[in-house]
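Since the structure comes first, as structure tokens, the remarks are kept for the end.
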Amino acid sequence: MAKKRKGSNKHSYNLPAPTPGPVIDGAQLIEDFITYKRATKNISKSTVRAYETYLTSYVVDAGGENLIASNDIAGLEKLALSWLNLPLGEKEEITSGTWNRKLAYLKAFFQHLKDEGVIKTDALPLTRIKKRHEDLRILSFGSPEVDRARQLLLDTYLEGGRTASALDLRNYLLFGLLSTCGLRAGEAGSFARQQIDITQGRITIFGKITKTKSSRLVPIPHFNPALWGKRNKAKSDYQEYFEIYYNYHVQNYPPEAPFICTGAGGPMTATNIWHTLKPVFATVGMTKARVHDLRHYALTRIALNGGHAVVQQIAGHASPSTTARYITPPAHVICQIASQAIDKATASGKYL
């Protein structure tokens, strides 16, 4: 059941209090909506959490339930337009992507209320409001920061000596998957050990945990299947520690347990992963980075070396246009590539 989160939003809506009317249970409406979505669509746990967070903020925290009870359609839209532009929690800004997500959730919620007869209207709120064009994201970090973060995570494990924690090793492998293969945080924290194919050096990400609900294959970073279980100087450090953690996982968890798991063997949520990596980001200077930026970073590197078609397959994007939004090199890389192209054109004498 969706509950009002204490201190969930520090921002003020600055709207007049609605006229008291019939009492309605906003939390119950949200629960009924989520139950309906689960029954009609295969929505993920992360989507359920997002529905609970966003809709509770609007319906319960901002007073939307009073407007629903009084069937105040104009008031619902006025409140929604104010709410859409406010970030949640401690964030100071709202991105176009988040704005669009909030809009989609509210529209779906209003439609459900109309279908159930909770609100009676011919014209639903927000029907004229369109999605925003998403902002082009330029990464605030590059390979030097990512390499330092990766090394810091490995050093944390190595410095543990005999008391080294398997969770420290897990964090190193997790960062490698995010920054090399471009997995979403929810995917990296949910795929099971039995989805790893050591003989092929790849992982199957099943559709039940992907955003597009389509399965795909991703490579294990820096991995050579022929060297598995062997002592060989050609084996990468990542493969060596992947093997150590894999064997630890076999000894402590069943095959169906998430490979990147909590100490209790459960999946790591996107929030878990953020709190795990946030101190590392801060230490290496990635202060403006999000975990999802590692996906941008990884897919950009693949694009610069392997082309957009490869990126689309690795990322599991439904269309090339989605892939294009993820090719976001840092500003200095953009300038470097452009400068090299200009120098090459100048040297060859080729101009348009």
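Rounded, prolate or oblate: which fits the stretch 134-214 when a ≥ b ≥ c are the square roots of the eigenvalues of the alpha-carbon gyration tensor, with rounded for a/c under 1.5 and prolate only if a/b beats b/c? Oblate is the answer for the stretch 134-214, as a/c is 1.5 or above yet b/c matches or exceeds a/b. Apply the a/c threshold of 1.5 to the C-alpha gyration tensor of the stretch 195-259 and tell me whether it is rounded, prolate or oblate. Since a/c reaches 1.5 but b/c is at least a/b, the shape of the stretch 195-259 is classed as oblate.
Can you tell me how the stretch 143-289 classifies by the Cα gyration tensor, rounded, prolate or oblate, using a/c under 1.5 as the rounded cut? Rounded.
Using the 10 angstrom Cβ neighbour count as an exposure proxy, how do HIS296, HIS112 rank, fewest first? Kindly include the intermediate steps, with their values, before the conclusion.
Numbers: HIS296 20, HIS112 17.
Neighbour counts put them in this order, fewest first: HIS112, HIS296.
Put the Cα centre of the stretch 279-333 next to the Cα centre of the stretch 66-142 and the gap is 28 Å. Each of THR212, ASN252, VAL310 was scored by the projection of its Cα onto the charge dipole of the chain, and the greatest displacement toward the positive side belongs to VAL310; charges sit on the C-beta of Lys, Arg, Asp and Glu. From helices alone, the chain scores -16000 deg cm²/dmol at 222 nm; the rule is -39500 (n - 2.57) for each run of n ≥ 4 DSSP H residues, then divide by the residue total. Comparing ARG184, ARG193, ARG132 in a Gaussian network model of the chain where C-alpha atoms under 10 Å apart are linked, the largest mean-square fluctuation is found at ARG132.
Under 12 Å of direct C-alpha separation, and excluding same-chain neighbours fewer than eight residues apart, LYS208 reaches these aspartates and glutamates: GLU187. Of all the options CYS261, CYS181, CYS335, the one that moves most in a Gaussian network model of the chain with Cα springs shorter than 10 angstrom is CYS335. Put in line by how crowded their Cβ is, counting other Cβ atoms within 10 Å and starting with the fewest, ASP168, ASP155 read ASP155, ASP168.
Which value, in debye to the nearest 20, describes the size of the charge dipole of the chain about its Cα centre when Lys and Arg Cβ atoms bear +1, Asp and Glu Cβ atoms bear -1, and nothing else is charged?
Numbers: 45 positive and 29 negative charges, 122 e Å.
I would put it at about 580 debye.
In the chain, the longest principal axis of the Cα atoms and the axis of helix 292-306 are about 50 degrees apart.
Read-outs: derived from the displayed coordinates by stated rules, not from any lab. Given the structure is predicted, the values throughout are model-derived calculations rather than measurements. So basically every Cβ, Gly included, is an ideal-geometry build from the backbone, and we count neighbours across all protein chains shown.
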